[in-house]
Amino acid sequence: MPAPAPAPVTLLPQPLLKLTDVTIQYATDRQIVTAVQNVAFEVLRGDRFILLGPSGSGKSTLLKAIAGFIPPTRGTIALDGRAVARPGPDRIMVFQEFDQLLPWRTVRGNIVFPLRENGASRAAATERADDLLARVGLAKFADHYPHQLSGGMKQRVAIARALALEPRILLMDEPFAALDAMTRRRMQEELLRLWDDLGFTLLFVTHSIEEATLLGSRILILSPHPGRARGELNVPPYGGDHSVESRQSLERRIHGLLFDSADAPAPEHAAHA
Amino acid sequence: MPEQILRQHPLERPEYLRALEPSLPDIRLPVQSSRWHRLTGIAPVRQITLLLLLTAAWQIYGSMLDNPLILPSFAQTATAFWHGIVEGELLLRAWTSIELLLVGYAIAVVLSVALTLLAVSSRLGADLLTLLTSMFNPLPAIALLPLALLWFGLGEKSLLFVLVHSVTWPLALNTYAGFRGVGETLRMTGHSFGLRGLRFAFAILIPAAFPSILTGLKIGWAFAWRTLIAAELVFGVSSGSGGLGWYIYENRNQLETANVFAGLLMVILIGLAVESLIFRAVERATVRRWGMYK
C-alpha cells in the first residue's frame, strides 16, 4: 500500500496528554523493580487510546501514574501542558473492581456526591446524575444501593459517575474484565455509543487484543518485563463494510508484535522512525 | 433418513430454529402458614421463650431455697424493682450513672477518633496509636482508680478518668483496624474526586470502616458500664447521690439482697435497651442498608 507522506508535526493539534520518557520503578524490600521503562506517547482530544499488553507490561501502572496515584521515577506526564502532580477530578478512573462505588450512597448519590464536592449545586448535580443514569439505562435504579446491583450495572454506574464529572480524559483499567462475556460485549458497545454521543477522550487499558481493536482508535502495544513500548497502531474506523476483515488482519499483526520473539522493529514501521 | 445423515457425516447434526413458546407465568408458592411455624420463625419470640423458661427456673429454685438473703426469688426481685422504680430511687441512681456514662463515652469517642485520624495521616501517629493501645488496652481501668483518686480526688472526675480510659483504647483499636481495611479501590476513588485530609476521612474512611467502628462502639459501651459500676462500688458514695454501683453496694451492706438483684436487673435492662433499640437502629440505618453486613 502506498504510504502517505508522514504529516508534518506542526499540523497535529496540541496533545491533551503527553508522556515523555516515563520510567516507573518500585522499591521492594530487596530490590528495585522497573515496571515501566522509557515510555512516551501522546493522546489527542477525542482519541480512544488503548494501552495493550500482557500482564507485567506496566499498563495499569502507567494508568495509575497518569491518574496521579504514582509519581514517575523519571520522565514527565503532562495534561494540557501542565505536569500531573496528584489525583484530581480532571482524570477520573474507572476500575475493574466492583467495589469502586460508595456502598453507603445510592446509585444517584454516588454520582451526585463527587459533583457536589467539586462545586455543583444540588439541583444541577441531581439533574446531571439522572441524565447520565438514563444514558446508561439505569434510570429505574437511581434509588438502589450498589449492593443491590449486578456487576455489569455497577460498572455502568461507575462509568456514568466518571462521565458526569466531565474529566479531561477518562481512564479505564480493564473495566469489563470481571464481567461475563455477553455482558462485556454489551458494555463495549454501550461505551462506543456513549463516546459517539458525548465525545470524550478515552484512555483504556486491556490485555485483550479483540477488545483493543473493537474499542480503540489508536493502540499502544506494550511488551512485558519491564513494560516497554513496542509500537503504536491505528485502528480502522468501526462500522464500515470491510471492518471485520481489516480488524482481523490488524489483530493478526498485533498478535505477531506481541508474541513473535523477534526484537527487530516490525516491517510496517521500518519506513517511519 | 437419520441413518443417511449419519453415514454422510457422523458428527454433524441438522440445525433447527423454532419460535419461543409462551413463558410460564410466575407461580406464587403457598406460604408456610401454620401459626406454630410462623411464631418459631421469629428470633425474638424464641429468645423471649427462653428468657421466660430461665425466669421460671429461677423462681422455682428461689422458692425452694426459701432464703431471700442468699437468693431472692424472681417475684421478690420484681417487687423490689417495682418499689425502686415507684419510689424513684432506683431510677435516680440509674440516671446518675447514665449521665456520667454518656459524658465519659462522648469524650472517649472524640479522643479515639482524633487518635485514629492522627494514625492514618502520619507514620509517627500510627506508631503512637499502636504503642498506646498495646500499653493501655490490657490495663484494667480499676487498677488506675487509686491513681485517679490521687489526681482528681473522690468524685466524678476520677470516675470519668477511668471511664474514658476503658472506652478509648478498644474503640481506637477497632476504628484503626477498620480504616486500614478500607480497600485500595475505594481510596483511589476518593482521591480522584479531589478529597484530601479531613474531608477524605469523613467522606470515605469513616463510612467505609463503619462496621468496625460500630463494633468498637458496642465493645466500648459494654466496657464503660462494667468500669463505671465497678468504680462506683468502690467509692461512689462521695460523688453526690451515687449511681447504680453504689446502690448495689449499699443494699448489700444492709442485707437487702432483693434490692441488690433489682440493681443488677436495672443494669441488664439498660444494656438490653441500648443494644436492641439504639445500636440495632443505627445498624439498620447504616451497615445493613448499605449491604455491608450479610
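So in the range B:181-195, with the set limited to residues that are facing chain A (nearest Cβ under 9 Å) and part of a loop (DSSP other than H, G, I, E, B), which one is surrounded by the fewest Cβ atoms within 10 Å (Cβ to Cβ)?
B:Gly183
Being under 29 Å from the mean Cα position of the chain (by Cα) and of a type in the set (Ser, Thr, Tyr), is that true of even one residue in the range B:186-199?
Scanning the range B:186-199 turns up no residue that is under 29 Å from the mean Cα position of the chain (by Cα) and of a type in the set (Ser, Thr, Tyr).
For A:Pro15, work out the one condition from (1) surrounded by 23 or more Cβ atoms within 10 Å (Cβ to Cβ); (2) in contact with a Leu (Cβ under 7 Å, 6 or more places away or on another chain) it doesn't fulfil.
For A:Pro15, the exception is condition (1).
From the list A:Phe176, A:Phe204, exactly one residue is closer than 19 Å to A:Leu17 by Cβ and among the aromatic types (Phe, Trp, Tyr). Which is it?
A:Phe204
Of all the residues that make up the range A:112-140, how many are out of contact with any helix residue (DSSP H, G or I) (no Cβ under 8 Å at 6 or more places or on another chain) and either within 12 Å of another protein chain (Cβ to nearest Cβ) or among the small types (Gly, Ala, Ser) (or both)?
5
Does A:Arg105 count as among the charged types (D, E, K, R), within 12 Å of chain B (Cβ to nearest Cβ) and out of contact with any Leu (no Cβ under 7 Å at 6 or more places or on another chain)? Talk me through it step by step, then tell me what you get.
On the way: among the charged types (D, E, K, R): yes; within 12 Å of chain B (Cβ to nearest Cβ): yes; out of contact with any Leu (no Cβ under 7 Å at 6 or more places or on another chain): yes.
Yes; evaluated as a whole, the condition is true for this residue.
Does A:Asp143 satisfy the criteria of being surrounded by fewer than 16 Cβ atoms within 10 Å (Cβ to Cβ) and within 14 Å of chain B (Cβ to nearest Cβ)? Walk me through it before giving the result.
On the way: surrounded by fewer than 16 Cβ atoms within 10 Å (Cβ to Cβ): yes; within 14 Å of chain B (Cβ to nearest Cβ): yes.
When the stated conditions are applied, A:Asp143 passes them.
With (1) within 14 Å of chain B (Cβ to nearest Cβ); (2) farther than 14 Å from A:Asn110 by Cβ as the list, and A:Phe176 as the residue in question, which single condition is left unmet?
(1) is the only condition that A:Phe176 fails.
Considering B:Leu129, B:Leu149, B:Leu144, which residue is at pLDDT 90 or above and not β-branched (Val, Ile, Thr)?
Selected residue: B:Leu129, the only one of B:Leu129, B:Leu149, B:Leu144 that is at pLDDT 90 or above and not β-branched (Val, Ile, Thr).
Take B:Leu198 and decide whether it is in contact (Cβ under 8 Å) with a residue 60 or more places away in the chain, part of a helix (DSSP H, G or I) and out of contact with any helix residue (DSSP H, G or I) (no Cβ under 7 Å at 6 or more places or on another chain). Spell out the reasoning first.
On the way: in contact (Cβ under 8 Å) with a residue 60 or more places away in the chain: yes; part of a helix (DSSP H, G or I): yes; out of contact with any helix residue (DSSP H, G or I) (no Cβ under 7 Å at 6 or more places or on another chain): yes.
For B:Leu198, the condition - in contact (Cβ under 8 Å) with a residue 60 or more places away in the chain, part of a helix (DSSP H, G or I) and out of contact with any helix residue (DSSP H, G or I) (no Cβ under 7 Å at 6 or more places or on another chain) - is met.
Scan the range A:109-137 for residues that are among the aliphatic types (A, V, I, L, M) and crowded, with 19+ Cβ neighbours inside 10 Å and jot them down. Please lay out each step first, then the result.
In the first step, residues of the range A:109-137 are kept if they are among the aliphatic types (A, V, I, L, M); the result is A:111-112, A:115, A:120, A:123-125, A:129, A:132-134, A:136.
Listed by number, the residues that qualify are A:Ile111, A:Val112, A:Leu115, A:Ala125, A:Ala129, A:Leu132, A:Leu133, A:Val136.
Count, please, the residues in the range A:201-211 that happen to be surrounded by fewer than 18 Cβ atoms within 10 Å (Cβ to Cβ) and not in a helix (DSSP H, G or I). Walk me through how you get there before you give the answer.
In the first step, residues of the range A:201-211 are kept if they are surrounded by fewer than 18 Cβ atoms within 10 Å (Cβ to Cβ); the result is A:208, A:210.
Narrowing further to those that are not in a helix (DSSP H, G or I): A:208.
Residues flagged as surrounded by fewer than 18 Cβ atoms within 10 Å (Cβ to Cβ) and not in a helix (DSSP H, G or I) within the range A:201-211 amount to 1.
Under the condition of being closer than 17 Å to B:Thr185 by Cα and more than 10 Å from chain B (Cβ to nearest Cβ), which residue from the range A:66-80 is surrounded by the fewest Cβ atoms within 10 Å (Cβ to Cβ)? Spell out the reasoning first.
Start the filter on the range A:66-80 by keeping residues that are closer than 17 Å to B:Thr185 by Cα, which leaves A:66-70.
After this cut, where a residue has to be more than 10 Å from chain B (Cβ to nearest Cβ) as well, the list is A:66, A:70.
Numbers: A:Ile66: 23, A:Ile70: 16.
Among those residues, the one meeting the criterion is A:Ile70.
Condition test on B:Leu145, is it surrounded by 17 or more Cβ atoms within 10 Å (Cβ to Cβ) and either in contact (Cβ under 8 Å) with a residue 24 or more places away in the chain or within 14 Å of chain A (Cβ to nearest Cβ) (or both)? Even if it seems obvious, please write down each step before you answer.
On the way: surrounded by 17 or more Cβ atoms within 10 Å (Cβ to Cβ): yes; either in contact (Cβ under 8 Å) with a residue 24 or more places away in the chain or within 14 Å of chain A (Cβ to nearest Cβ) (or both): yes.
Yes.
Here is a yes/no grid of residues against (1) touching a Pro at 6+ places or on another chain (Cβ under 7 Å); (2) β-branched (Val, Ile, Thr); (3) at pLDDT 90 or above; (4) surrounded by 16 or more Cβ atoms within 10 Å (Cβ to Cβ):
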residue	(1), (2), (3), (4)
A:Met172	no, no, yes, yes
A:Ser217	no, no, no, yes
A:Gly240	no, no, no, no
A:Val244	no, yes, no, no
A:His255	no, no, no, no
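Taking the residues in the range B:244-255 that are buried (at least 19 other Cβ atoms within 10 Å of the Cβ) and of a type outside the set (Gly, Ala, Ser) as candidates, determine which candidate is nearest to the chain's Cα centre (by Cα). Full working, then the answer.
Looking only at the range B:244-255, we keep the residues that are buried (at least 19 other Cβ atoms within 10 Å of the Cβ), and these are B:244-249, B:251.
Subset that is of a type outside the set (Gly, Ala, Ser): B:244, B:246-249, B:251.
Values: B:Leu244: 21, B:Trp246: 25, B:Tyr247: 25, B:Ile248: 24, B:Tyr249: 26, B:Asn251: 29 Å.
Of everything passing the filter in the range B:244-255, B:Leu244 is nearest to the chain's Cα centre (by Cα).
In the range B:250-291, what residues are within 14 Å of chain A (Cβ to nearest Cβ), of a type outside the set (Ser, Thr, Tyr) and outside any helix (DSSP H, G or I)?
Across the range B:250-291, the qualifying residues are B:Val287, B:Arg288, B:Arg289, B:Trp290, B:Gly291.
Can you find, within the range A:81-101, the residue that is surrounded by the fewest Cβ atoms within 10 Å (Cβ to Cβ) among those that are of a type outside the set (Phe, Trp, Tyr) and within 7 Å of chain B (Cβ to nearest Cβ)?
First pass over the range A:81-101, keeping only residues of a type outside the set (Phe, Trp, Tyr): A:81-94, A:96-97, A:99-101.
Now narrow it down to the ones that are within 7 Å of chain B (Cβ to nearest Cβ): A:87-89, A:92-93, A:97, A:99-100.
Details: A:Pro87: 23, A:Gly88: 18, A:Pro89: 19, A:Ile92: 26, A:Met93: 28, A:Glu97: 21, A:Asp99: 16, A:Gln100: 24.
My answer is A:Asp99.
Farther than 30 Å from A:Ile66 by Cα and either within 14 Å of another protein chain (Cβ to nearest Cβ) or outside any helix (DSSP H, G or I) (or both) - does that describe any residue in the range B:161-180?
no
The values are calculated or read from the model by the stated rules, or taken from the named source; none is laboratory data. What you see is a predicted model, and the numbers here were worked out from it, not measured in a lab. Heads up, the Cβs are rebuilt from the backbone with ideal geometry, glycines too, and the neighbour counts pull from every protein chain shown.
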